[in-house]
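Beneath this line is the structure, given in structure tokens, with notes to follow.
The values are calculated or read from the model by the stated rules, or taken from the named source; none is laboratory data. What you are looking at is a predicted structure, and each value in this text was computed from that prediction instead of being measured. Cβ sites come from the backbone with ideal geometry, for glycine too, and all protein chains shown count toward neighbours. What goes into the accessible areas is simple: the full protein's heavy atoms, side chains included, and nothing from ligands, DNA or RNA. Shrake-Rupley method; radii C 1.70, N 1.55, O 1.52, S 1.80 Å.
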Amino acid sequence: MSIHYHDSTRLLTLRTASSSYQLQIDELGFLRHLYYGRDTGTADLRYLHRFYDLGFSGNHYEHRMERAPSPDTIPQEYASSGAGDYRVPAVVAVGPSGHRGTDWRYVSHEIRPGKYTLAGLPTSFDNGGECETLTLTLRDDASGLTLLLHYGVFAALDIITRAAELRNDGDTPVTLEKAASVCLDLPFGEWDLMHFHGRHCFERQPERLPLPHGVVSVGSERGMSSHQHNPFVILCGRETTEDAGDCYGLMLVYSGSFRCDAERSQTGSVRAVLGVSPLDFSWTLQPGETFTAPEALLAFAEGFTQLSHRFHRFLRRNICRGKFALSRRPVLVNSWEAAYFDLDADRLVSLAKEAKDVGAELFVLDDGWFRGRTDDNAGLGDWFENREKLPRGLGDLVERITALGVQFGIWIEPEMVNENSDLYRAHPDWALAVPGRAPIMARNQLVLDMSRADVRDYLFNVFSALLREHDISYVKWDMNRSLSDVYSHALPAARQGEVLHRYVLGVYDLLERLTSAFPDVLFEGCAGGGGRFDAGILCYCPQIWLSDDTDPIERLKIQRGTSFGYPMSAMGAHVSASPNHQTGRTTPMETRAVVAMAGAFGYELDLTKLPQAEKDAIRAQIARFRADEDTTLCGLYYRLTDERNTWFTAWQTVSEDQKRSIVSLVVQNVEPYKSAPHLRLKGLDPDAVYEIEEEHIAASGAALMHAGYTFPKMLGDYPAAQLHLKKKEGESA
Ligand code: GLA
């Protein structure tokens, strides 16, 4: 039992292995948040909250002369605007008379085994008796809205999920102008916000700032979770480090525009609200209709490392679905940086032959293979083979490549269309565009209106025919521009505020249909690299192309930042050419491999042009990746350096049974006459003896973790080192 209800106090306590979360239904039926943090059992924590009149604070009507408990200071679970709480609201609703705000009062609650699901949205799932659900029903009489708050408690995994549904049980329409997924109040303490900003080719860079009074807001208005911000944030104590200190992770299972507001209020309390972005959003609920806000995942941990471990484990086991979620995935060779648009069948077959020869298992034909696609100005939408480039057809190419003994994969960008395409000429109204205004172009392409069922049906038919007719084992699903001119020709004026969210629901619908119809195909997500790297996409694609920047030195920062929330197995990572195509930087092949091996591994360079020695090195790297991947991708991940270390970056993975560990280090700036790089390792069994294979040195886990390890001096351009540690059975320190 992880959810406890106490009848006389009306306290609800959600317990995971190391955290507890407590709510109270007060005497007015008002829902109060009491606590989330380190496990306190089912202790009654009402004593924590003392309220004072802050000088004419608003208070509930029923309280009359009692001025102390105010909706403006009571920690809440799903705060509304317009009802005496002046902090950032989770919901803004416009009632039948045009009034704003809701006053939620308790109706009932239900505790049941298993995990709730949400109509039309991807959610985490119960992997077998590991989740309990609490659903609270609240009502606002003036608007007729019913609020369902769902909590999924994954006790052993230390994750609590939240979701909200708003149902119009009245007899007149109600409009939502904001409907977030989670509102988390931290009544006491000083908190920093850590969020992950970036840009194309430089995604998810951690930034930590002490929360000032007022609201700090991060989010995306781009229709995609975006390169610029990520729907994952951390609230942490001022002193929190990798290894100690309170921290909370909040992650949205959503791939569209989102907003996270973190507010430090007048009293010093902190509130974080995370959900669908309210900008350009409005949703009218007719009587009987429900709006479902996406799911949010919450974890409390002590130290960032523990927080990352919780999210990594949960995303791998309870978000990623299908046969590839936990299994080994093929090592691939991708044609993009090898050939770009300059494709012809013989060239591709030669590349695939080399791929086979070095031991790769999958050859991916990237952009450029379809009708009219000579460069990135035309062709999107016409998902039929390009006969100029492939005179004997796609089928012939697939057969020639699979006959070599490598699987075949293909690139698609379903959500987009070029004006110069037969699809656009036939259906100009399928693209998002505002009537009477020339649309903003990006990469010379327009966005298809994924809110439309006819568009999705068309795409489903085209891509299912492609996957049925050819022996295709892998699909790279790209999405290369932000949304603008968000207007759907299929919806009336009053409902245009729904389009941004309906677009995302449409993407999920198509992903759901295609991934269910082709369960043996591995889908990799992509959006101009890492522009849609989120838990929503991970529900369908167990790996996502991390970034269009393949320079290993840049990737160090991107992988490190991404690792705070997301597992390494989710990060598509390839060895590319040197000098690198994005930065012009020259790096050793070994360094490129050490960095890429930390993720879902592959190559993206013209293997036909490499000297034999480099091809031999690649063959050995693929074998090494295979030998190591159970530790590197499934083990516990430790960041060993922080961004203040400009000399080198290091990380470590340890198998869950602590028998194997791999340490990787890359020197970014050689600093001569400094001592050699030294590190304290983490996560080892202190009492065990480990052999370091590269050095034939044996040392105890305690020695390696407390005294550390000194690497040999590393000079030159961007050298890398890797250590393989193996526990010596039968020996103890
Ligand atoms: C995006 C992707 C790249 C490649 C190109 C093709 O930028 O991130 O990997 O597929 O599109 O146009």
Filter the stretch 381-406 down to residues that are in a helix (DSSP H, G or I) and either small (Gly, Ala, Ser) or open to solvent by less than 10 Å² (accessible area, probe 1.4 Å) (or both), then give me how many there are. 7
Cβ pairs under 8 Å, 6+ apart or interchain, first in the stretch 459-484 and under 24 Å from Gly256 (Cα atoms) and assigned to a loop (DSSP other than H, G, I, E, B), second among the hydroxyl-bearing types (Ser, Thr, Tyr) and away from the ligand (no atom under 13 Å from the Cβ), ordered by first then second residue, are Ser482/Ser226; Leu483/Tyr503
Within the stretch 682-708, which residues are under 19 Å from Asp243 (Cβ atoms) and more than 35 Å from the chain's Cα centre (by Cα)? Ala703, Ala707
Kindly indicate whether any position in the stretch 514-530 is within 14 Å of the ligand (Cβ to nearest atom) and in a helix (DSSP H, G or I). no
Close pairs (7 angstrom Cβ cut-off, 6 or more residues apart or separate chains): of a type in the set (D, E, K, R) in the stretch 408-421, in a loop (DSSP other than H, G, I, E, B) and modelled with pLDDT of 95 or more anywhere: Glu413/Leu380; Glu413/Asp478; Glu413/Met479; Glu413/Asn480; Glu415/Met450; Glu415/Met479
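Against the condition aromatic (Phe, Trp, Tyr), out of contact with any helix residue (DSSP H, G or I) (no Cβ under 6 Å at 6 or more places or on another chain), away from the ligand (no atom under 16 Å from the Cβ) and within 26 Å of Ser335 (Cβ to Cβ), how does Tyr508 come out, does it pass?
On the way: aromatic (Phe, Trp, Tyr): yes; out of contact with any helix residue (DSSP H, G or I) (no Cβ under 6 Å at 6 or more places or on another chain): yes; away from the ligand (no atom under 16 Å from the Cβ): yes; within 26 Å of Ser335 (Cβ to Cβ): no.
No.
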Determine, yes or no, whether Ala617 is among the aliphatic types (A, V, I, L, M), open to solvent by less than 10 Å² (accessible area, probe 1.4 Å) and either in contact with a helix residue (DSSP H, G or I) (Cβ under 9 Å, 6 or more places away or on another chain) or part of a strand (DSSP E or B) (or both). no
Qualifying residue in the stretch 199-207 (condition: without any contact (Cβ under 8 Å) to a residue 60 or more places away in the chain and surrounded by fewer than 19 Cβ atoms within 10 Å (Cβ to Cβ)): yes
Within the stretch 164-220, which strands (runs of 3 or more DSSP E) (wholly inside it) include 2 or more residues that are in contact with a Gly (Cβ under 7 Å, 6 or more places away or on another chain)? 174-186, 191-199, 202-210
Which members of the stretch 234-266 meet the condition of being surrounded by 24 or more Cβ atoms within 10 Å (Cβ to Cβ) and assigned to a loop (DSSP other than H, G, I, E, B)? Val253, Tyr254, Ser255, Gly256, Ser257
I need a count of the residues in the stretch 544-557 that are within 13 Å of the ligand (Cβ to nearest atom) and crowded, with 24+ Cβ neighbours inside 10 Å. 5
Answer yes if at least one residue in the stretch 411-423 is away from the ligand (no atom under 14 Å from the Cβ), outside any loop (DSSP other than H, G, I, E, B) and open to solvent by 20 Å² or more (accessible area, probe 1.4 Å), and no otherwise. yes
Quick check on the stretch 594-613: of everything there that is assigned to a helix (DSSP H, G or I), over 25 Å from Leu538 (Cβ atoms) and in contact with a helix residue (DSSP H, G or I) (Cβ under 7 Å, 6 or more places away or on another chain), which residue is farthest from the ligand (Cβ to nearest atom)? Thr608
Can you list the helices (runs of 4 or more DSSP H) lying wholly within the stretch 291-380 that have 1 or more residues being within 16 Å of the ligand (Cβ to nearest atom) and either open to solvent by 10 Å² or more (accessible area, probe 1.4 Å) or in contact with a Pro (Cβ under 6 Å, 6 or more places away or on another chain) (or both)? 336-339
Pairs, please: C-beta under 7 Å, at least 6 apart or cross-chain, first residue without any contact (Cβ under 8 Å) to a residue 12 or more places away in the chain and in the stretch 222-248, second outside any strand (DSSP E or B) and open to solvent by less than 50 Å² (accessible area, probe 1.4 Å)? Glu239/Gly245
Scan the stretch 71-109 for residues that are of a type in the set (Ser, Thr, Tyr), touching a strand residue (DSSP E or B) at 6+ places or on another chain (Cβ under 9 Å) and in a loop (DSSP other than H, G, I, E, B) and jot them down. Tyr78, Ser81, Thr102
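Among the listed residues Pro552, Pro567, identify the single one that is in contact with a Lys or Arg (Cβ under 8 Å, 6 or more places away or on another chain), in contact (Cβ under 8 Å) with a residue 40 or more places away in the chain and closer than 17 Å to Val253 by Cα. First the steps, then the outcome.
Numbers: Pro552 fails: closer than 17 Å to Val253 by Cα.
Just a single option satisfies the conditions, and that option is Pro567.
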Subset of the stretch 25-59 [open to solvent by less than 20 Å² (accessible area, probe 1.4 Å), closer than 16 Å to Arg10 by Cβ and not hydrophobic (A, V, I, L, M, F, W, C)]: Asp26, Gly29, His33
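Considering only the stretch 425-437, state which residues are touching an Asp or Glu at 6+ places or on another chain (Cβ under 9 Å) and free of Cβ contacts under 8 Å to residues at least 60 places away in the same chain.
Within the stretch 425-437, the first condition is being touching an Asp or Glu at 6+ places or on another chain (Cβ under 9 Å), and the residues that meet it are 425, 427-434, 437.
Residues satisfying the conditions are Arg425, His427, Pro428, Trp430, Ala431, Ala433, Val434, Arg437.
If you take the residues in the stretch 476-485 that are crowded, with 20+ Cβ neighbours inside 10 Å and away from the ligand (no atom under 12 Å from the Cβ), which one is farthest from Pro435 (Cα to Cα)? Before you say what the answer is, go through the steps one by one.
From the stretch 476-485, those crowded, with 20+ Cβ neighbours inside 10 Å are 476-483; that's our starting set.
Those still in the list that are away from the ligand (no atom under 12 Å from the Cβ) too: 482-483.
On the way: Ser482: 19, Leu483: 16 Å.
In this case the residue turns out to be Ser482.
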Those residues of the stretch 709-733 which are open to solvent by less than 60 Å² (accessible area, probe 1.4 Å) and within 33 Å of the chain's Cα centre (by Cα), in sequence order: Tyr718, Pro719, Ala720, Ala721, Gln722, Leu723, His724, Leu725
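Going through Thr161, Thr175, Thr146 one at a time, which residue ends up being without any contact (Cβ under 8 Å) to a residue 40 or more places away in the chain, among the hydroxyl-bearing types (Ser, Thr, Tyr) and crowded, with 17+ Cβ neighbours inside 10 Å?
Working: Thr161 fails: without any contact (Cβ under 8 Å) to a residue 40 or more places away in the chain; Thr175 fails: without any contact (Cβ under 8 Å) to a residue 40 or more places away in the chain.
Of Thr161, Thr175, Thr146, the one residue that is without any contact (Cβ under 8 Å) to a residue 40 or more places away in the chain, among the hydroxyl-bearing types (Ser, Thr, Tyr) and crowded, with 17+ Cβ neighbours inside 10 Å is Thr146.
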